[in-house]
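The block underneath contains the structure these notes are about, expressed in structure tokens.
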Amino acid sequence: MTYRGHTAAITSVTASPELKQVFSASLDSTIRIWRLLPHDHDPYASYDPSLSIQKLVGHTEAIWDLCLLPNQSPGPSTHRLASASADGTVKIWTSEGGRPWSLTTSVGDFVGVPTCLGIYQSDYNKLLIGTSGGEVHLYDVEKQVKEVVFSKSLMLHVRRELMPSVR
């Protein structure tokens with residue numbers, strides 16, 4: 001099956017079997033959300049425009065990466081998607097109870113631009129953000145605050161403290 005809608009190259013794709021959705025990011029600065037088809041769907045079926053669920057607009061430059069955060073809320077399901085863009089921001093998008101996705105948070109002030117995202121395995125409410133400036137930020141999605149910045153200078157300082165013989 002082919003999903004159509006982006007006007008430039010796709011840079012990141014992730015899927016949620018739970019939501020039955022596929023998310024794609026592009027150099028066109030948009031995120032597209034598509035209906036995930038069952039495994040037994042005919043891969044040679046003709047193009048179906050109804051597979052497009054939603055187009056997320058909020059970034060002004062290419063989007064480099066997407067990260068779907070695990071649902072941590074009890075009760076009505078809240079889902080969160082993070083996107084990293086060449087516009088220097090990471091945006092957090094939220095969908096509650098199956099409603100359309102909406103922009104809830106925009107994070108900036110990085111050395112360089114955010115280029116990649118990852119889930120912090122010790123706490124699913126935290127996001128790792130890698131930047132072109134060589135830093136990794138640990139961002140608390142719930143509190144909306146950067147908790148730790150790992151950088152080359154910090155790592156050199158820690159190494160010198162732990163191993164004084166290393167310069």
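Here, each number is a calculation from the coordinates, and none is a lab measurement. Nothing here was measured: the structure is a model prediction, and the numbers come from that model. Backbone-built Cβ (ideal geometry, glycine too); neighbour counts: all protein chains shown.
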**Asked** In the chain, how many lysine pairs have Cα atoms under 15 Å apart, counting only pairs 8 or more places apart or on different chains?
**Response** 6
**Prompt:** Rounded to the nearest 500, what is the chain's calculated 222 nm mean residue ellipticity when only DSSP H runs of at least 4 contribute -39500 (n - 2.57) each, over all residues?
**Reply:** -2000 deg cm²/dmol
**Complete:** Here the relative contact order (percent) of the chain, from C-alpha pairs under 8 Å and at least 6 apart, is 13 percent
**Asked** Non-local amide H neighbours of SER12 (under 5 Å, H modeled in plane, Pro and chain starts lacking H): which ones?
**Response** ALA25
**Prompt:** Using Cα atoms only, what is the angle between the long axis of helix 152-162 and the major principal axis of the chain, expressed in degrees (0 to 90) to the nearest 10?
**Reply:** 50 degrees
**Message:** Quick query: amide H of GLU135 versus all other amide H atoms, modeled in the peptide plane; which residues come in under 5 Å with a sequence gap of 5 or more or a different chain?
**Reply:** none
**Message:** Skipping prolines and chain starts, which residues have an amide H placed within reach, meaning under 5 Å, of the one on THR105, given they are 5 or more residues away or on another chain?
**Reply:** ILE92
**Residue of TYR120, TYR44, TYR139 that the Gaussian network model of the chain assigns the largest fluctuation, springs spanning Cα pairs under 10 Å** = TYR44
**Asked** Can you work out ³J(HN,Hα) from phi for every residue in the range 80-89, in order, using Karplus 6.51 cos²θ - 1.76 cosθ + 1.60 and θ = phi - 60°, giving whole Hz and x for Gly and Pro?
**Response** 10, 10, 10, 9, 10, 10, 5, 6, x, 10
**Message:** Run the paramagnetic zone check for ALA8: 7 angstrom along Cα to Cβ, then residues of the range 84-118 with backbone nitrogen under 18 Å.
**Reply:** 84-91, 113-116
**Request:** Could you give log10 I(q)/I(0) at q = 0.15, 0.18 Å⁻¹ for the chain, computed by the Debye formula over C-alpha point scatterers of equal weight, without solvent?
**Result:** -0.85, -1.12
**Prompt:** Tally Lys/Arg at +1 and Asp/Glu at -1 over every other residue whose Cβ is under 13 Å from the Cβ of SER102; what's the total?
**Reply:** +3
